[in-house]
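A short write-up of the structure that comes next.
The values are calculated or read from the model by the stated rules, or taken from the named source; none is laboratory data. What you are looking at is a predicted structure, and each value in this text was computed from that prediction instead of being measured. Cβ coordinates were reconstructed from backbone atoms using ideal geometry, including for glycine residues, and neighbour counts include every protein chain displayed.
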Amino acid sequence: MPVSSLWELFLFFRGKGYTHPKISAHPMKTHFYHASILEACTYNHLTVDEIFERVKKTHPNAGYSTIYRNVEELALKGQLKKISGIGSKAIFEKVIDRHVAHFVDEKTGTVYDLEIPEEWIFSKLPRGFAPKAADLRIYGTVEKTVS
Ligand SMILES: [Zn+2]
């Protein structure tokens, strides 16, 4: 495609349906916040409320329902893992490795990763069991953290 001017280039991209998100006057595409949400949930265990607070720092116009929808989409796609925490609020984290075990502090609701390999848990299963996935949660309180 020969391009003789910037204007033609502009029209070319318009024709392809390309619009830069920052200059678009149209409503944000659904996937616009995916990267920010995944970043917030990297090595963090967050509720949708907490994710929303973090995304708002870089995207002040973000709406709660849009973020909520985006989080659910990412969970469906398998990029976020949904784990149930304390009470009715689900907690999300980015799927990075295959860590499958968590400790939930019932006092604060904080979720800690436990380095228990999936293979180890699977090795404890009776013969004939064919596991697909593991999700181990231990509840209690953190008396003191040893670093
Ligand atoms: Zn985790």
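For this structure, a couple of remarks:
- If only residues of segment 106-147 that are part of a strand (DSSP E or B) and β-branched (V, I, T) are counted, the one that is farthest from the chain's Cα centre (by Cα) is I138.
- For the criterion of being hydrophobic (A, V, I, L, M, F, W, C), touching a strand residue (DSSP E or B) at 6+ places or on another chain (Cβ under 6 Å), assigned by TED's automatic domain parsing to the domain that holds T47 and more than 13 Å from the ligand (Cβ to nearest atom), A75 passes.
- Segment 22-53: number of residues that are modelled with pLDDT under 55, over 16 Å from S65 (Cβ atoms) and exposed (fewer than 10 other Cβ atoms within 10 Å of the Cβ): 4
- Enumeration of residues in segment 27-72 that are hydroxyl-bearing (S, T, Y) and either more than 16 Å from the ligand (Cβ to nearest atom) or touching a Pro at 6+ places or on another chain (Cβ under 8 Å) (or both): T30, Y33, S36, T58, Y64, S65, T66, Y68
- Residues satisfying the stated conditions in segment 92-147, i.e. free of Cβ contacts under 8 Å to residues at least 40 places away in the same chain, of a type in the set (A, V, I, L, M) and within 13 Å of the ligand (Cβ to nearest atom): V95, V100, A101, V104, L114, I116, A134, L136, I138
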